[in-house]
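Structure first, commentary second.
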Amino acid sequence: MSSAPLETSASPHQALPVLDWTHRLTQLGSRFFTPLHPTPLAAPCWAARNNDLRTELGWPDELFDDEHLQAFAGNAMMVGSQPLATVYSGHQFGQWAGQLGDGRAIWLGEAQSAQGPQEIQLKGAGRTPYSRGGDGRAVLRSSIREFLCSEAMHGLGIPTTRALCLVASPEPVRRETIETAAIVARVAPSFLRFGHFEHFSAQGDTDSLRSLADHAISHHLPECKSRAALWQGNVYAALLDEVQERTARLLAQWQAVGFCHGVMNTDNMSFLGLTIDYGPFQFMDGFDPGHICNHSDHQGRYAYGRQPNVAYWNLYCLAQALAPLIDDHDMTLQVLEGYKTMFPRFLGDAIRAKLGLTGALASESAREADWTLVEDLMQILAFERTDYTLFWRRFSEAVAAGKADMDCHASRAMTDTEFPVTASEAWQSMDDLFIDRARWQAWLARYVERTVPAQWPAMGQQMLRTNPKFVLRNHLAEIAIRQAQAGDFSEIETLHNLLKSPFDEHPGMQAYAALPPDWAGQLEISCSS
Ligand code: AMP
Ligand code: MG
């Protein structure tokens, strides 16, 4: 362990804890974690500081001063922090993997914030008892991806762990080639995963399992107490139900925006329904339900179109883990049945919103008719491999511009766009996305029937707030990575600024919303990071 200047400093400014720590997780006791210090990281420098998040949390700007650079690098201790690594287990690629745990993420503690208590972790801060032969480090490449994607997801309104800052270092790390180390400081109300529950359940340690579930309920999901009324007062059935609903909502959001997680193992599933552990993720370019973003996923277990079912499979694992607490087999199965109606409803609502169909539906048959419209559109997009983000954005643009043959001169409400300004131009640029234009036009005729074209301008404005202009495409991250590897971190900031408000037009940044270049197809992203 290196010296700890923040902890030992005599100056009054540094002696005062900058954060107000609470550490409720540590009350669970020593079976849940191992206290340890991060491993020092050579010659750290800031690669990114998220002042928006720091301000949202009400944390002071000292957090990003030079002293704290050392703390976020693991070279010093923040006064009041209690670093530790937690133990969990999990199912990986469909198989029970036994004990895993925080192999490279070190928990600094839980601190009060303007958004309630928040846990802070340093990902890549060195080996722990759970590293299983790994080096405990994260490379700059994957750390940039995690930093940017966390904030991109937040900008999209999708629940996620957040990224507070990113520290880079020249320290070498061996992967397929020699790369350099980095640490992301990430923040969430809790980093507990399905795998934490699986761990104690698999060990037959029902007391610890109950302590964990009670911790989860009282500190993070107190709504389970009222939800228990739906389950004959069984608060653990309510916990499963609550986690299931959050997971179903999350998956609907992922599918709607075209996000592939890449490694949906049960140890990468947050019980709060947050997107967690960014590895080989990808926002799809051309729409393909079978798209596999993880180069190591040879079977395509985590292909885009399979994600909702995998989430359900993972919820089964969680249910099995909670079974000793729920203590009612039929009730457990009944809870799980809920996903089968919940998820399709959330997804249906999300896609209907993308189409501007937000009004209440008169009947179940109207819902089904809308879903047929959605499915037929998805078939066209899949057949044509239409760029997913571009399709939805251009469609929103066109609807906002109004119906072409009704009013060719309708000028768009926005003036700062670099997209076409007349309705006919906007619809032309939609047509340009398709090879089989007749098929697209036939679908569009049904959309015209279903909607009220006079309402399109207002509907379109709403769609522009639903369908992002900017997502973190692989090639955009790759450009920021290559520049950062050459010592220039400015592209990380550029992307962060863009992706934190992905529905805005951002004049002058049109290139970031364009189709990926040809070389993007050659990018291979795997678990090794
Ligand atoms: P992941 O698939 O990245 O979520 O990681 C699965 C497990 O491997 C977790 O227990 C991680 O903490 C651990 N792990 C991944 N990379 C490393 C590494 N470089 N060093 C130590 N443990 C790691
Ligand atoms: Mg993980």
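Each row is one residue, and each column tells you yes or no for (1) in the same structural domain as Ile178 (by TED's automatic domain parsing); (2) out of contact with any helix residue (DSSP H, G or I) (no Cβ under 6 Å at 6 or more places or on another chain); (3) open to solvent by less than 20 Å² (accessible area, probe 1.4 Å).
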site	(1), (2), (3)
Leu84	yes, yes, yes
Phe93	yes, yes, no
Gly109	yes, yes, yes
Gln112	yes, yes, no
Gly126	yes, yes, yes
Ala138	yes, yes, yes
Leu148	yes, no, yes
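With the condition kept exactly as written, say whether any residue in segment 307-330 is under 16 Å from His261 (Cβ atoms), in a helix (DSSP H, G or I), in contact with a Pro (Cβ under 8 Å, 6 or more places away or on another chain) and not acidic (Asp, Glu).
The answer is no, given that none of the residues of segment 307-330 is under 16 Å from His261 (Cβ atoms), in a helix (DSSP H, G or I), in contact with a Pro (Cβ under 8 Å, 6 or more places away or on another chain) and not acidic (Asp, Glu).
Out of Ala229, Ala248, which single residue is more than 16 Å from ligand 2 (Cβ to nearest atom) and open to solvent by less than 20 Å² (accessible area, probe 1.4 Å)? Please lay out each step first, then the result.
Details: Ala229 fails: open to solvent by less than 20 Å² (accessible area, probe 1.4 Å).
Answer to the selection: Ala248.
Pairs please, first residue from segment 257-279 and over 15 Å from Thr160 (Cβ atoms), second anywhere and of a type in the set (Asp, Glu) and more than 10 Å from ligand 2 (Cβ to nearest atom), Cβ atoms under 7 Å, 6+ apart in sequence or on different chains.
Between residues of segment 257-279 that are over 15 Å from Thr160 (Cβ atoms) and residues that are of a type in the set (Asp, Glu) and more than 10 Å from ligand 2 (Cβ to nearest atom), the close pairs are Thr266/Glu198.
Which residue, of Leu476, Leu472, Leu498, is in contact (Cβ under 8 Å) with a residue 40 or more places away in the chain and within 21 Å of the chain's Cα centre (by Cα)? Can you show your working first?
Values: Leu476 fails: in contact (Cβ under 8 Å) with a residue 40 or more places away in the chain; Leu498 fails: in contact (Cβ under 8 Å) with a residue 40 or more places away in the chain.
Just a single option satisfies the conditions, and that option is Leu472.
All but one of (1) within 16 Å of ligand 1 (Cβ to nearest atom); (2) open to solvent by less than 10 Å² (accessible area, probe 1.4 Å); (3) out of contact with any Asp or Glu (no Cβ under 7 Å at 6 or more places or on another chain); (4) farther than 24 Å from Arg465 by Cα hold for His261; which doesn't?
So His261 meets the others, but not (4).
Restricting to segment 112-148, what's the tally of residues that are under 22 Å from the mean Cα position of the chain (by Cα), small (Gly, Ala, Ser) and more than 15 Å from ligand 2 (Cβ to nearest atom)?
Here the count works out to 3.
Scanning segment 289-317 for residues that are farther than 21 Å from Met153 by Cβ and within 16 Å of ligand 2 (Cβ to nearest atom), which turns out modelled with the lowest pLDDT?
Among those residues, the one meeting the criterion is Ser296.
Can you find a residue in segment 267-282 that is part of a helix (DSSP H, G or I) and within 16 Å of ligand 2 (Cβ to nearest atom)? Can you show your working first?
Residues of segment 267-282 that are part of a helix (DSSP H, G or I), as a first pass: 267-268.
Still in the running and within 16 Å of ligand 2 (Cβ to nearest atom): 267-268.
Looking through segment 267-282, at least one residue is part of a helix (DSSP H, G or I) and within 16 Å of ligand 2 (Cβ to nearest atom).
What is the one condition in (1) open to solvent by less than 20 Å² (accessible area, probe 1.4 Å); (2) away from ligand 2 (no atom under 16 Å from the Cβ); (3) not polar (S, T, N, Q) that Gly286 does not satisfy?
(1)
Looking only at segment 94-111, which residues are in a strand (DSSP E or B) and either more than 9 Å from ligand 1 (Cβ to nearest atom) or more than 19 Å from the chain's Cα centre (by Cα) (or both)? Before you say what the answer is, go through the steps one by one.
So in segment 94-111, the residues in a strand (DSSP E or B) come out as 95-99, 105-111.
Within segment 94-111, Gln95, Trp96, Ala97, Gly98, Gln99, Ile106, Trp107, Leu108, Gly109, Glu110, Ala111 meet the criteria.
Tell me, please, whether a residue that is away from ligand 1 (no atom under 14 Å from the Cβ), over 22 Å from Lys500 (Cα atoms) and under 21 Å from the mean Cα position of the chain (by Cα) can be found in segment 83-93.
no
Here is a yes/no grid of residues against (1) closer than 23 Å to Leu108 by Cβ; (2) within 16 Å of ligand 2 (Cβ to nearest atom); (3) not assigned by TED's automatic domain parsing to the domain that holds Leu148:
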residue	(1), (2), (3)
Glu171	yes, no, no
Arg174	no, no, no
Ile178	no, no, no
Ala182	yes, no, no
His199	yes, yes, yes
Gly204	no, no, yes
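If I go through segment 354-401 residue by residue, how many of them are over 20 Å from Pro289 (Cβ atoms) and either among the aliphatic types (A, V, I, L, M) or not in a helix (DSSP H, G or I) (or both)?
14
Go through (1) over 18 Å from Thr372 (Cβ atoms); (2) in contact (Cβ under 8 Å) with a residue 12 or more places away in the chain; (3) not in a loop (DSSP other than H, G, I, E, B) for Gln455 and report which single condition fails.
(2)
The values are calculated or read from the model by the stated rules, or taken from the named source; none is laboratory data. Everything numeric in this text was worked out from a predicted model, so none of it was measured. Here the Cβ is made from the backbone with ideal geometry for all residues, glycine too, and neighbour counts use every protein chain on show. For the accessible areas, the whole protein counts, side chains as well, though only heavy atoms, and no ligand, DNA or RNA atoms are used. Shrake-Rupley method; radii C 1.70, N 1.55, O 1.52, S 1.80 Å.
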